Amino acid sequence: MSKNAKKAISVLLIVTFLLSFGALCFASEPEEAENESGGSRFTTISSANAQISKSGLTVTCNATLKAKYSTSLKITMVLQKNSSGSWSDVKTWTKTGSGTSLSAEESRVINILYTYRLKVTFKADSETYTTYAYY
C-alpha cells in the first residue's frame with residue numbers, strides 16, 4: 001500500500017472518530033401511547049423508554065419501565081450491530097424487579113466501523129412491549 005493511501009485511510013479514520021465522538025441520539029417510544037379509541041394502549045405499562053448514546057468508542061444503553069400498579073417487572077436490553085444489512089446480537093442484559101418502576105443502564109465498548117441499535121423488551125405482569133433505539 002502506498003504512503004499516500006495509508007495517509008488517506010488514517011485521515012478518514014480520524015475524521016470518522018471525531019464525527020462520532022460527540023454523537024448523542026435518543027429514540028424512545030411513547031410515554032402513555034394511545035390506541036385508536038383515545039385510551040392507553042397498555043393495560044399494565046404506563047411508560048416504556050429506551051435510549052442509546054455513543055461517546056467515542058462506548059455506547060451507553062438505558063431503559064426505564066413504569067407500571068400502573070405494583071407488579072413483576074422485567075427489562076431485556078439487546079445491543080445489536082448491523083453487518084452487511086443484517087442485525088446480529090452483540091450483548092444481552094436483563095434486569096428484573098417488582099413494584100411500579102424499573103430501570104437499567106449498561107455500557108459497552110464498540111467497533112466504530114459498525115452501526116448499532118438497542119432492542120428493548122419490557123414486561124410488566126403479563127404485558128410485553130418491544131421497541132428499538134438508534135443513535
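Each value in this text was obtained by applying a stated rule to the coordinates, not by laboratory testing. Computed from a predicted structure; not experimentally measured. Virtual Cβ from ideal backbone geometry, glycine too; neighbours counted across all protein chains shown.
Here the peptides 104-112, 52-60, 83-91 are ranked by packing, the mean other Cβ count within 10 Å, and the order with the highest first is 52-60, 104-112, 83-91. Annotation for region 62-80 versus region 99-130: alpha-carbon center distance of 8 Å. Going by a ≥ b ≥ c, the root eigenvalues of the Cα gyration tensor, does region 41-109 fall in the rounded group (a/c under 1.5), the prolate group (a/b larger than b/c) or the oblate group? Cα axes put region 41-109 in the prolate bin. Within region 101-119, which residues have the backbone N less than 20 Å from the label spot 7 Å out from S72 along Cα→beta-carbon, could you tell me? Output list for this probe position: 101-104.
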